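The values are calculated or read from the model by the stated rules, or taken from the named source; none is laboratory data. Since the model is a prediction, treat every value here as computed from it, not as a measurement. Here the Cβ positions follow ideal geometry from the backbone for every residue, glycine too, while neighbour counts run over all protein chains shown. The accessibility values were calculated without ligands, DNA or RNA, using every heavy atom of the protein model including side chains. Shrake-Rupley method; radii C 1.70, N 1.55, O 1.52, S 1.80 Å.
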Amino acid sequence: MRDESTTESSRILPPASDGVPSWWRRNLAWLVPVAVLIFLLAVTSIVFTFWRTDQVAVRPGSVEEVPSRVTVSGAEFYPPESEISLVTVLVSQRLTIWQRIDAEFESGVDIESERNFTGDGTRGDLRKLNELRMETSQHTAIVVALEHLGYEIPRHASGVIVSEAMSGTPAAETLERGDVIVGIDGVPVGELKDLSEVLDLRSVGQKVELEVERADGGTVESVMLELVESPDEPDRALIGIGARERTDLGELPVEIKIDSGSIGGPSAGLALTLGIIDLLTPGELTGLRKVAATGTISFDGSIGAIGEVDQKTIAAERAGVDLFLVPLPNLRDALDHVSGDMQVEGVETLQEALDALAEV
């Protein structure tokens, strides 16, 4: 005989459950992959936001008027209506992955390894080096401008300043930026040629004794250093450094100070020189046009090539510059990045730069 109570009760009881709602159980096959995908996307987004690559973005910077940054004592000066400008670039901190992706689509931006700027040093080392380069550039620009204007500036070279050392060389382990080489194997060193004349008589692998004024205090030390081979000229012995002459000056007939602010590096030399000349002469050197210039300057008035000329050209054009003076070796690259009517002239000397200003 059938037990009705048991049969009827079984009809109203829910089916056996394992604790998982039926909707989740039915959709588990696609919910798990989606959850895993969301988790992976979240982790990837966090990594892309905070993980920094070893690359930086180099962007067009600003156009800064020079004469407004110059103060003069001991001579008449004539503030121009239209000032010659220098041009800067902006180098970012190391890029995150998201920033790296964004920079790929940003107009006028180059992405480079940070080591292209810092070498084996740090950003702090680079900042100090660029401050030193700007100080040297100002010093040279003042002398070149005053000599062009007819002033006699007594000067003599008193050593060779280490600006950088080649990675992996004995010099990189022994010498520091700002050290001054004042002797080699008992021979006094005043100019770069003094150093070169001794090195021409030495062989790769040979050791030389340098007399070095240390950058951190001016004490003179004797340093033994093994010479390395030139990467460009086989069998030519080198110390393995980038260097420039230290030049001592007599008292300047005109006191000139330049406020460069946070701008560093050597490439403002030409613009600084032209700006000082413009300030110390009546009339308008620019002919009331908007003029910018870039390039290093040497005591003999020669203009040297610079880096990042493409970003500087873009910055000058965006600022509405009419005439942009660049070192002759950089001319082709500059012209490749002009999209409008801005005139670009390549120059090798200060006199060529002045002639270019006079012709247009």
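Could you run through region 309-326 and say how many residues are under 17 Å from GLY275 (Cβ atoms) and open to solvent by less than 20 Å² (accessible area, probe 1.4 Å)? Steps first, answer last, please.
Going through region 309-326, the residues under 17 Å from GLY275 (Cβ atoms) turn out to be 312, 316, 319, 321-326.
Now drop any that are not open to solvent by less than 20 Å² (accessible area, probe 1.4 Å), which leaves 312, 316, 321, 323-326.
Within region 309-326, residues that are under 17 Å from GLY275 (Cβ atoms) and open to solvent by less than 20 Å² (accessible area, probe 1.4 Å) number 7.
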Which condition number does LYS207 fail, the rest of (1) surrounded by 11 or more Cβ atoms within 10 Å (Cβ to Cβ); (2) touching a residue at least 40 places away in the same chain (Cβ under 8 Å) being met?
(2)
Looking at region 72-130, which of its residues are part of a helix (DSSP H, G or I), under 30 Å from ALA141 (Cα atoms), open to solvent by 80 Å² or more (accessible area, probe 1.4 Å) and in contact (Cβ under 8 Å) with a residue 12 or more places away in the chain?
ARG115, ARG127, LYS128
Just to be sure, is THR286 under 22 Å from ALA356 (Cα atoms), at pLDDT 95 or above and more than 17 Å from the chain's Cα centre (by Cα)?
no
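For HIS139, are the conditions met, namely being within 27 Å of THR71 (Cβ to Cβ), open to solvent by 70 Å² or more (accessible area, probe 1.4 Å) and either in contact with a Cys (Cβ under 7 Å, 6 or more places away or on another chain) or of a type outside the set (D, E, K, R) (or both)? Working first, answer last.
Values: within 27 Å of THR71 (Cβ to Cβ): yes; open to solvent by 70 Å² or more (accessible area, probe 1.4 Å): no; either in contact with a Cys (Cβ under 7 Å, 6 or more places away or on another chain) or of a type outside the set (D, E, K, R) (or both): yes.
Considered against the rule, which asks whether it is within 27 Å of THR71 (Cβ to Cβ), open to solvent by 70 Å² or more (accessible area, probe 1.4 Å) and either in contact with a Cys (Cβ under 7 Å, 6 or more places away or on another chain) or of a type outside the set (D, E, K, R) (or both), HIS139 comes out as no.
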Of (1) within 11 Å of the chain's Cα centre (by Cα); (2) closer than 23 Å to ALA215 by Cα; (3) modelled with pLDDT of 80 or more, THR118 fails just (3)
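Please tell me if GLY275 is within 24 Å of GLU147 (Cβ to Cβ) and at pLDDT below 95.
Numbers: within 24 Å of GLU147 (Cβ to Cβ): yes; at pLDDT below 95: no.
Criteria not met by GLY275.
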Mind listing whichever residues of region 35-69 are modelled with pLDDT of 85 or more and assigned to a strand (DSSP E or B)?
GLN55, VAL56, ALA57, VAL58, ARG59, PRO60, GLY61, SER62, VAL63, GLU64, GLU65
In region 214-251, the residues that are assigned to a strand (DSSP E or B), open to solvent by 50 Å² or more (accessible area, probe 1.4 Å), closer than 17 Å to ARG177 by Cβ and touching a residue at least 24 places away in the same chain (Cβ under 8 Å):
ARG244, GLU245, ARG246
Across region 327-348, the tally of residues that are under 23 Å from the mean Cα position of the chain (by Cα) and open to solvent by 50 Å² or more (accessible area, probe 1.4 Å) stands at 9
Out of (1) farther than 22 Å from GLU229 by Cα; (2) open to solvent by 60 Å² or more (accessible area, probe 1.4 Å); (3) touching a helix residue (DSSP H, G or I) at 6+ places or on another chain (Cβ under 8 Å), the one GLU147 does not meet is (3)
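Considering only helices (runs of 4 or more DSSP H) fully contained in region 275-360, which possess at least 1 residues that are closer than 21 Å to ASN130 by Cβ and aliphatic (A, V, I, L, M)?
Values: elements: 309-318, 331-336, 350-359.
The qualifying helices (runs of 4 or more DSSP H) are 309-318.
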Within region 290-308, is even one residue at positive phi, out of contact with any helix residue (DSSP H, G or I) (no Cβ under 6 Å at 6 or more places or on another chain) and surrounded by 15 or more Cβ atoms within 10 Å (Cβ to Cβ)?
yes
From LEU210, LEU146, LEU201, LEU195, residue being in a loop (DSSP other than H, G, I, E, B) and not basic (Lys, Arg)
LEU201
Regarding region 170-180, can at least one residue be identified that is open to solvent by 80 Å² or more (accessible area, probe 1.4 Å), part of a helix (DSSP H, G or I) and over 18 Å from GLY269 (Cβ atoms)?
yes
Within region 252-282, the residues that are open to solvent by less than 20 Å² (accessible area, probe 1.4 Å), under 23 Å from the mean Cα position of the chain (by Cα) and hydrophobic (A, V, I, L, M, F, W, C) are ALA268, LEU270, ALA271, LEU272, LEU274
